[in-house]
Each structure stands twice: as structure tokens, then as C-alpha cells.
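Student: Quick one: the structure is below, and I'll ask about it shortly.
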Amino acid sequence: NAGVTQTPKFRILKIGQSMTLQCTQDMNHNYMYWYRQDPGMGLKLIYYSVGAGITDKGEVPNGYNVSRSTTEDFPLRLELAAPSQTSVYFCATAQARTVQETQYFGPGTRLLVL
Amino acid sequence: GDSVTQMEGPVTLSEEAFLTINCTYTATGYPSLFWYVQYPGEGLQLLLKATKADDKGSNKGFEATYRKETTSFHLEKGSVQVSDSAVYFCALNSEEYGNKLVFGAGTILRVKS
């Protein structure tokens, strides 16, 4: 099992460009999350999904969009990249919605917007 | 809202020294508490967790006890190794936003041989 995979590992964007960060999991988990990690800060939740076809905003959703057409995939879309979106992005999954659940993280995508 | 506060780093120790990283939390309800570790260039990995008061989580020589009375979940290890050098995050499950994790800012640990 690959677990949670993310592509690309690193990307440089120009201001105003768009891109999609890919996240795929093979653990058959219902819950998926996108977090961003800024230097010296903990992770902040961007969007989450409780199952295929269902997505919802997290704490910092502005400038991002998501979709969840399958259980396995949860892509994150940046439509008009801005320098404030320079960050490391992590995708995570969890099996079910209880407070005891462990979240499993992908290796991250480092994004630089210039 | 829910929050996690952990001690600032970096923490620099010699090999075989004792490690403590403090973590306190504010939460409504009864969250589970977690320590995640991030090695250089990698994603976050679960190190240990505790799901109710007085539970002790342990893994790879690390331990942390869920203290409801002091709202704390301090991470300890009796003898650190160079390979323990990483960033350590304390976190709790919030009932908001689909059971999201609320993270502390992270503590950098550097272990010297």
C-alpha cells in the first residue's frame, strides 16, 4: 500500500497562474483533508471531505477549490496564485469521524509563488 | 475555539539526554491528543496518541500522559538519539470542521552526538 501520495513535490508558480495539487489514497478512508503549513506555524485546514461528492470549507479556504469525485482522489485547485499562498501543502486521510481517529499524512507539496 | 500551545524551540540536546517538550491545550468537549513528528523533507507521522484522561501514549521510547486537570500532554523521552532530530507537533482533534486536527506551532529538536 502506498498510503497517501501527493504530486508534485515542488512547484514554482508565477502570480496569477493556476495549478492543481494532487492527492491520492489507497486506504479506502472516507475523510480527507487539505492543510497548509507556513514557516514556524502549525498546520491550518483549507478544505475537507467526508466522502465522495461531499466537500466543505475549513479555516482558510479563500483562493482554493476542491472536488471529490472518487474515494481515492482529493485534488486542491489554486485558480489565481498569490504570494500569500507560498506554503507547504499536506493532504491527510482518516477512516471515520470520531475524535479518536488518527489522520495519515502525505509527504507534502512545496509551493513557491513569485 | 480550540487551541494548542507548545514550547518554542529549537531545543538542542546532547545524545542520551532527557527530553521534555511541553504542550497545553484549550478545548471544549473531550478531545483526543496527539504527537506528530516531521523528519526533514518528509510529511507528518503519528508518534503517539491518547484518547481519554490519564491515558499514556507511548512509542519508540517517547511517552506522553493526557492530564485533564492541567490540560497538558507533555512529550518525554529518557535518552534521545541523533535520529530523533525532527520537528514535533502537539495536536488535538476538534469537533469542528469534520474532526480536523488543531496543531501547535511545532518544536524543533536538534540532537548532537
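Every number in this text was worked out from the coordinates using simple rules, so none of it is lab data. Since this is a predicted model, take the numbers as computed values, not measurements. Here the Cβ is made from the backbone with ideal geometry for all residues, glycine too, and neighbour counts use every protein chain on show.
Student: Mind ranking A:15-22, B:37-44 by how tightly packed they are, going by the mean number of other C-beta atoms within 10 angstrom, highest first?
Tutor: Per-residue Cβ counts within 10 Å, averaged per peptide and sorted highest first, yield B:37-44, A:15-22.
Student: Now, a different point. Once amide H atoms are built 1.01 Å from N in the peptide plane, which residues 5 or more positions from B:Gly9, or in another chain, come under 5 Å H to H?
Tutor: Amide H to amide H, under 5 Å and 5 or more residues apart or across chains, B:Gly9 pairs with B:Ile108.
Student: What's the exposure ranking of B:Phe73, A:Phe105, B:Phe62, A:Phe10, going from fewest to most Cβ atoms within 10 Å?
Tutor: Sorted ascending by nearby Cβ count, the order is A:Phe10, B:Phe62, A:Phe105, B:Phe73.
Student: Can you grab the distance from the C-alpha centre of region B:3-38 to the C-alpha centre of region B:56-113, Å, no decimals?
Tutor: Computed from Cα coordinates, the inter-centre distance equals 4 Å.
Student: Over chain B, consider all pairs of different Cα atoms and compute the Kirkwood hydrodynamic radius from their mean reciprocal separation; express it in Å, one decimal.
Tutor: The answer is 14.1 Å.
Student: Considering only C-alpha atoms, what is the centroid distance from region A:78-97 to region A:53-74, in Å?
Tutor: Measuring centre to centre over Cα atoms gives 10 Å.
Student: Would you mind checking the pairs A:Lys9/B:Lys77; A:Lys44/B:Lys56; B:Lys68/B:Lys100 and listing those with alpha carbons more than 29 angstrom apart?
Tutor: Those over the limit are A:Lys9/B:Lys77.
Student: Enter the mean number of other protein chain beta carbons within 10 Å of the beta carbon of each residue in B:102-108, as an integer.
Tutor: Averaged over the peptide's residues, the number is 4.
Student: Another one. Let me check I've understood the local charge: for A:Thr7, count other residues with C-beta under 13 angstrom from its C-beta, Lys and Arg +1, Asp and Glu -1. What total comes out?
Tutor: +2
Student: Shielding of B:39-49 by partners, i.e. mean partner chain Cβ atoms within 10 Å per residue?
Tutor: Taking all residues of B:39-49 together, the mean is 4.
Student: Follow-up question, since we're still on this one. In a Debye calculation with equal point scatterers on the alpha-carbon sites of chain A and no solvent, what is log10 I(q)/I(0) at q = 0.10, 0.11, 0.12, 0.14 Å⁻¹?
Tutor: Here log10 of I(q) over I(0) equals -0.26, -0.31, -0.37, -0.51.
Student: Same structure again: Averaged over its residues, how many other protein chain Cβ atoms are within 10 Å of peptide A:36-44's Cβ atoms?
Tutor: Mean partner shielding for this stretch: 5.
Student: While we're looking at this one, here's another question. So, how do all the Cα-to-Cα distances of the protein assembly as shown break down into 5 Å bins, in percent, from 0 on up?
Tutor: Pair shares across the bins are 1, 7, 15, 19, 18, 16, 12, 7, 3, 1, 0.
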